[in-house]
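To keep things clear, I will list the structure first and then write my remarks on it.
Readers should treat all values here as calculations from the given coordinates under stated rules, not as data from a laboratory. Computed from a predicted model, the values in this text were never measured in an experiment. Here Cβ is always computed from backbone atoms with ideal geometry, including for glycine, and neighbour counts include all displayed protein chains.
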Amino acid sequence: MVSPAIALAFLPLLLTLIIRYRYYFVLLYRAVLIRWVRDCLTGLSREERAFQYILTHATPGDAQSILDTFDHWCSKVEFISNIGPKKGKILDRLLQEHCPITVLELGTHCGYSTVRIARSLPIGARIYSVEMDERNAQVAEKIIRLAGFDEDMVELIVRPSDEVIPRLREDFGVERLDLVFMDHWKRCYLPDLHLLEGSGLLGEGSIILADNVIFPGAPNFLRHVRRSGLYEVRVHRATLEYIRGIRDGMAELTFLGIK
Amino acid sequence: MPRHKLKNTASESDGKDNEFSLYYVEVEENSQGGQEKQTTRDGKRRRERNGEVSRRRASEKRTTEVDNKRAGKKHEKRHKTARKEGEKHEKRQRRKNADREEAEEESNKEKKNIKNERTKTLKRDDEKEKDVKKKRKKHVKNEEDNANSGKTKQKDCHDMPLKEKKKKRKKPETTSESESKSESESESDSAPESKDNQAVGVLGSLTPEELEKLKEAVDERKKLIATMRGKPWPMKKKLVVLRSSCVLQRQETLLIISFLYYSNCQKWMKFQRDFENFKTACIPWEMKIKEIESHFGSSVASYFIFLRWMYGINMILFGLTFGLVMVPEALMGKPYGSIPRKTVPREEETSAMNFAVLWDFGGYAKYSVLFYGYYNSQRAIGWLKFRLPLSYFLVGVGTVAYSYMVVIRTMARNANEEGGGDDTSFNFSWKTFTSWDYLIGNPETADNKFASITTSFKEAIVEEQESRKDDNIHLTRFLRVLANFLVLCCLAGSGYLIYFVVRRSQKFALLGLENYGWWERNEVNMVMSLLGMFCPMLFDVISTLENYHPRVALQWQLGRIFALFLGNLYTFIIALMDAIQLKRAEEEIVKTNMTIWQANLYNGTVPDNSTAPPITVHPADIPRGPCWETMVGQEFVRLIISDTMTTYITLLIGDFLRAVLVRFLNNCWCWDLEYGFPSYSEFDVSGNVLGLIFNQGMIWMGAFYAPCLPALNLLRLHVSMYLQCWAVMCCNVPQERVFKASGSNNFYMAMLLVILFLSTLPAIYTIVSIPPSFDCGPFSGKTRMFDVIQETLESDFPAWFGKVFSYASNPGLVLPFLLLLVLAIYYLQSTSKTYKRVNMELKKKLQTQNEENKKKNKLAALKAANELEQARKTGEQHSSSSQHTQNSEPPVSSTHTTTRPPASRGHTSSGHLPGHPQQPQKNSHSNRK
């Protein structure tokens, strides 16, 4: 029989773990527990609740207002893993530097990043936003329309990304992608990148931006990207959206072209 | 880095060969300077006979002499060396001839030369043209002119009489240089161009002193010859004087001796260098530590250096105990089984060879030289009359005394090194421009060097950041107080837990340990090692609140863990004391039982009046006391072993297993394990250092009762050196903030000293105040352990010595002596303080002087720049005015621009000093023109 003293000796370990990984516990609480409770209480999905909040609090047609409201809801009320304001600034800067004409977004989710990208695109540019989940896509469309972007600007595609990418050329007449933003399932980063490479849509100077490469993390993706030699890689270090203390990063890949 | 040295010896030796060949050339030349006088003599003698020949020879000699004159000047060597190479063989031959004084042979040879001369002169003209072209490519213009003039002079040379040539010697050097050049070109047709450059490169590696010496020797000779020439002496006298003045007349011997000297010198230098390399290679683990330092920074390296130091200390402790206690007892003492204390008792015999003996140290291990109880109290053993009890006591005291001495000496030495703040101005520039070692010739070394430079940059950046940090002071203070409070709570909690466990275990011991399971028996150890493992982690987490510089944080961390371990240690000691009391009570009972048993033995079996031999009872059956000293030693050994095991297992699980999991599970995990949650572990400097220090404390405490402890510790340190080196290099990552840790070495030492003091206290207490067991150990039968000294004094020394000793130990003498000691210490300390202060002041003075110099230089440079600017401006004005250009700028604006001080330079600038004359500017202007 293990004596209580030995059990007590493990207390410092417990305390250490709790203190060291407190941010992860916070994340667990906010992203899982609160969501579960609210889902049970309201009967709505998380995205729909977010939309309701935005509808009541944001100014329609004002993209900045919608983004701010989103940030407020995500940091104060519930948690949705959008790109967030801090990493969003990196995205904004990239868009301003490169002025892409054709943008592919993988993983629309609630449309936060779509609005963010569409806001700073030049006239005549076009976003193809891919979302797999039907309900999320509905919410995203509503939010995008609310922000004042029409169908010419944002094309929402409700299909899995691995089906969409090979058919982009035939179905949508895309010749070249200037920017690809990846924020869907972290496991799909690598296969989708392979698909993109195979499709020939990437030209020299095309940029691929992948969110959350460190937490939750896409190690295989990073490894492939570093080894393949096709890209110039930069990993922007930041923290996870809406939660301090968890390190995360965005990978910015510049396609160098096949030599 | 020694590694570099080793790796580069090959390349260095190559360089040395070159150097050597150069020396050879130099020596030859040197001899030529001397040889020249002989040959000139010959020339004089033969002048009448063969005028032209001698002239030609003389002209050659002259050029060589001119060369010798300027042997030290490196840039001229460039032109010379090619010739030297070419001429070498010819000259060697000629020297032989001169020695043998065989004029005919020489003249024959020279006749050949005459034959060839006509064709040669034709060739020479062409070559000179080529030569000039080459030089045009290579050298600056004026040199070309010289070459041309030299060419013409060269032609004249042949017709000129000898005396004229002698005069020409004093002509400006440039012409003669060019002559020699052109001649060299003509003579050494085949000398490759590349050799020239190479030789020049090697020349640079000659030490200036050697060059100076050579020059001096040559000059002396020349002076002698010059003075002799001027004197109206007959030839014979001149020769005699020359011979007598020179110590080494024969050129051959001079050559040989100097050659030998230089070659030996080279060999000696090479040997010295190799020996240095060998010495660094002999320092144990130096390479490993350097490698670790280059990858993990000096903080991690400091731990390993400390470990190595500790290893050295333990080696000596081991040597003392092993050589003076264990080996004599094993060789000369009574063998196993002869007396009860040297035999396993009957009831333990069944389990004496169990596997558990290996870590429990019971059974046969307990009744061996490894523990106190085995030693006999016989005063002198063996044919050497070795005083074992005395030796045992003195070794016990000596090890501790030696440890004190070493620790304090090392601390004093380290304190010397610290001395004031170091000069950190331009730290980063120094690091940037001077850190690379250009002698590195192997990729692995280069990698290491690269890593070490990067680490040193990181360290410097951390220092710089720390010096520039300014935060909310109140918040920081609050957080620091809070952190300390939390740590104190934690310490108190763990202290209480240990106290509780010890109490419980005492209760178990009273009731008999056999009734309880493994968990209860090992509860104290378990709790202590668990706390020792987890509390530092908690402290580490708490210390992030404090926001200290990592070095300071490390010291705080060390202090806290020190307090924690100290608590553990003292509870352990208290528990041990209780156990000793119990054993002693038991011993009393055994003593009384013993007499009863003996009485029974004799009474029961032997009639009173019989003369039969006394009954022999097997020593295993004789009842004996519970030897508390052995028990103490055994406890310490067990503690050390469990501690070692815990360390290694933690290392294997916490570092290695974790690294393996992180590395290989990363391929199929949903988040990034390497960057994210578990990651690789960092090397825990504070924990490891303290582990080492406390381990050493245990050794010091227990070594008196278990002579095997230093040996065990040696083994442990040896293994952990290799294991930890491997673990660090293969499973750890460098800390995020790598910091310089040269200063913390003395901190380690200070802690070691404290531990040494604390661990000697209980040992001394037990030795002085508790009587030794009656039937085991070298002091059995005495009332106190230190009685052995008195006994020795009485029986082994003459009577007067004992008297002197008793007088000396009189308090009336001892107290003044102590007082004197204290006074001396005080005096030394105060003087050292004064010296330190003076040192600091001197350093400051130097620094301020440096800065002043810098300022002055800056000012001078600024002034010069201003003058230049002005000169240029005035020059422009001049030219513009002289050319009368129409669109010249108005003079007012131009002067304004020149006299305006540059805005950025601030106070140091002084656009135009009021008293400064304008004249030099014009001068400079004219010079420029």
Checklist outcome for this item: Sorted largest first, the C-alpha extents of region B:331-408 along its principal axes in whole angstrom are 47, 34, 16
Checklist entry - Extension gain B:THR454-B:ARG638, at 0.36 nm per residue separation less the Cα-Cα distance, in nm? => result 61.9 nm
Checklist entry - A:GLU155's amide H: which non-local residues (gap 5+, or another chain) put their own amide H closer than 5 Å, with H modeled 1.01 Å from N in plane and none for Pro or chain starts? => result A:ILE127, A:TYR128, A:SER129
Checklist entry - Pulled fully out, how much extra length does the chain show between B:TRP430 and B:ILE764, if you take 0.36 nm times their separation in residues and subtract their Cα-Cα distance? => result 114.9 nm
Checklist outcome for this item: Pseudo-spin-label distance B:LYS213 to B:VAL327, built 7 Å along Cα→Cβ, given in nm, is 4.7 nm
Checklist entry - Any idea how far the Cα center of region B:653-709 sits from the one of region B:484-527, in Å? => result 24 Å
Checklist entry - Given B:VAL822, B:ASN853, B:ASN839, which one lies farthest toward the positive end of the charge dipole of region B:810-856, if we put +1 on the Cβ of every Lys and Arg and -1 on the Cβ of every Asp and Glu? => result B:ASN853
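Could you compute the FRET efficiency for B:MET840 and B:ALA808, with r as their C-beta to C-beta distance and R0 at 35 Å, rounded to 0.05?
Working: r = 43 Å, r/R0 = 1.23.
After rounding to 0.05, the efficiency reads 0.25.
Taking a threshold of 28 Å on the Cα-Cα distance, which of the pairs B:LYS213/B:LYS854; B:LYS449/B:LYS854; B:LYS833/B:LYS855; B:LYS342/B:LYS591; B:LYS740/B:LYS858; B:LYS431/B:LYS845 fall above it? Display every interim value, and only then the final one.
Values: B:LYS213/B:LYS854 36 Å; B:LYS449/B:LYS854 32 Å; B:LYS833/B:LYS855 33 Å; B:LYS342/B:LYS591 19 Å; B:LYS740/B:LYS858 33 Å; B:LYS431/B:LYS845 25 Å.
Those over the limit are B:LYS213/B:LYS854; B:LYS449/B:LYS854; B:LYS833/B:LYS855; B:LYS740/B:LYS858.
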Checklist outcome for this item: Non-local residues with an amide H under 5 Å from the amide H of A:SER206, with H modelled 1.01 Å from N and Pro and chain starts lacking one, are A:PHE255
Checklist entry - What is the mean projected area of the alpha carbon convex hull for region B:675-771, to one decimal in square nanometres? => result 8.3 nm²
Checklist outcome for this item: In whole angstrom, the spacing between the Cα centers of region B:549-591 and region B:727-802 equals 15 Å
Next on the checklist: Taking every alpha carbon pair in region A:4-43, what does the distance histogram look like in 5 angstrom bins from 0, in percent?
Outcome noted: 6, 21, 15, 14, 13, 12, 10, 6, 3, 1
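What's the extension gain from B:MET729 to B:VAL241 if we count 0.36 nm per residue and subtract their Cα-Cα distance?
Working: separation 488, 0.36 × 488 = 175.68 nm, distance 7.35 nm.
Additional length available on full extension: 168.3 nm.
Taking R0 as 22 Å, what's the FRET efficiency between B:ILE580 and B:ARG413 from their Cβ-Cβ distance, rounded to 0.05?
Numbers: r = 39 Å, r/R0 = 1.77.
Once rounded, the FRET efficiency stands at 0.05.
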Checklist outcome for this item: Contact order relative to length for chain A, counting C-alpha pairs under 8 Å separated by 6 or more residues, stands in percent at 16 percent
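Scaled to the compact-protein estimate 2.2 N^0.38 Å, what is the alpha-carbon radius of gyration of region B:650-718, rounded to two decimal places?
Here the Cα radius of gyration is 1.65 times the empirical estimate.
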Item to check | Computed Rg/Rh of chain A, alpha carbon atoms with Kirkwood Rh | outcome: 1.03
Item to check | Overall Cα dimensions of region B:501-558, principal axis frame, Å, largest first | outcome: 52, 15, 15
